[in-house]
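Notes to accompany the following structure.
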Amino acid sequence: MRLVFAGTPEVAVPALDALLASDRHEVVAVITRPDAPAGRGRRLVASPVAQRAEEAGIEVLKPGRPREPEFLDRLRAIGPDCCPVVAYGALLPRPALDIPVHGWVNLHFSLLPAWRGAAPVQHAILAGDEVTGATTFRIEEGLDSGPVFGVVTEQVRPTDTSGDLLTRLAMAGSGLLAATMDGIEDGSLKAVPQPAEGVTSAPKIQVADARLDFAAPALRVDRVVRGCAPAPGAWTTFRGERLKVRSVTPRPERTDLAPGELAVEKSAVHVGTGSYAVELEWVQAQGKRPMAAADWARGVRIASGERLGDGPEPAGA
């Protein structure tokens, strides 16, 4: 088939690579989000998918909105048989959905109908799911509600961050998406409607959602830290300023600390929760680089009885 691939971030690149390597299909163009400012200089930078497509010598389309007439005209002129999609980042209007013969097929990083939305991997970790996966489905106008072509499953490991899990799903999902294109092309795959039961939502994680509540059990604190890593990053407050918490380790053996209470030892920093303590591993103070929690604690000289999250929300939080 003639394919036009739609995707934007780094996590979409493995799927593009898998389709470029296919001897059954031809990726004739790529659709991605417009160049965005990045870095300290806020210089406009092409998306990872755009950069990979340019390396491969493929036409790159960067519509501000996919309903723009110029974009729709160009897509009709290209005449794709199918448009595979991975984390494109914009809603597709009906005129665009109607162009490819076999529609638009999305690779979504959950086992649908669970975790429909922008942040399925983060929500799977926050919920404590033990198994997740990736799903290919035909896009329709509802949110991640179209009929399913195939799935792969992936174990959620106890120490997984969202970044870790998403990296593995991107690799496993790339093979699933390529196999889905094969099955559509030879007629061996038929899309099956999603069940009505088991639907859960996975909206984008906001900064406010990433604030740690040390009155919650230690397992919840650990899930929020892992689920919000690398972005937006779990955080709390210390002495009226925001402190990012990049990693923790639950310590069930320590139950003597009140929620938020800090205890500093020679090479470890513990904080109490609603159940038992967690050990702070890596933190990042406002305006500073990430550092080992023990080094941070030595620098700020924590006094007996000081707590995390025991103060007003800092400005801009």
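For this structure, a couple of remarks:
- Only one of 220, 168, 157 that is free of Cβ contacts under 8 Å to residues at least 60 places away in the same chain and under 14 Å from the mean Cα position of the chain (by Cα): 168
- Residue among 96, 90 that alone is modelled with pLDDT under 95, among the aliphatic types (A, V, I, L, M), touching a Pro at 6+ places or on another chain (Cβ under 7 Å) and farther than 20 Å from residue 197 by Cα: 90
- The set of residues in the range 1-42 that are within 21 Å of residue 169 (Cβ to Cβ) and either among the aromatic types (Phe, Trp, Tyr) or at pLDDT below 95 (or both) contains only 5.
- Residue list for the range 32-60, restricted to those being open to solvent by 60 Å² or more (accessible area, probe 1.4 Å) and either assigned to a helix (DSSP H, G or I) or closer than 13 Å to residue 87 by Cβ (or both): 33, 51, 52, 54, 55
- Sub-9 Å Cβ pairs linking a first residue in the range 17-31 that is open to solvent by 10 Å² or more (accessible area, probe 1.4 Å) to a second residue that is of a type in the set (S, T, N, Q), at least 6 apart or interchain, are 17/174; 18/174, ordered by first then second residue.
- Candidate set from the range 179-215 (those that are part of a loop (DSSP other than H, G, I, E, B) and basic (Lys, Arg)); member that is farthest from residue 244 (Cα to Cα): 190
- When we screen 96, 124 for residues that are crowded, with 18+ Cβ neighbours inside 10 Å, part of a helix (DSSP H, G or I) and either touching a residue at least 40 places away in the same chain (Cβ under 8 Å) or at positive phi (or both), the only hit is 124.
- Considering the conditions (1) in a loop (DSSP other than H, G, I, E, B); (2) in contact (Cβ under 8 Å) with a residue 24 or more places away in the chain; (3) touching a strand residue (DSSP E or B) at 6+ places or on another chain (Cβ under 8 Å); (4) open to solvent by 30 Å² or more (accessible area, probe 1.4 Å), residue 249 is excluded by exactly one of them, (1).
- Among the residues making up the range 132-164, those that are under 20 Å from residue 85 (Cβ atoms) and open to solvent by less than 10 Å² (accessible area, probe 1.4 Å) are 132, 133, 134, 135, 136, 137, 146.
- Taken over the range 99-113, the criterion of being in a loop (DSSP other than H, G, I, E, B) and within 15 Å of the chain's Cα centre (by Cα) is satisfied by 109, 110, 111.
The values are calculated or read from the model by the stated rules, or taken from the named source; none is laboratory data. Since we're looking at a predicted model, the values are computed, not measured. Using ideal geometry, Cβ is built from the backbone for each residue, glycine included, and neighbour counts are taken over all protein chains shown. Protein only, heavy atoms only, side chains kept; ligands, DNA and RNA dropped before computing areas. Shrake-Rupley method; radii C 1.70, N 1.55, O 1.52, S 1.80 Å.
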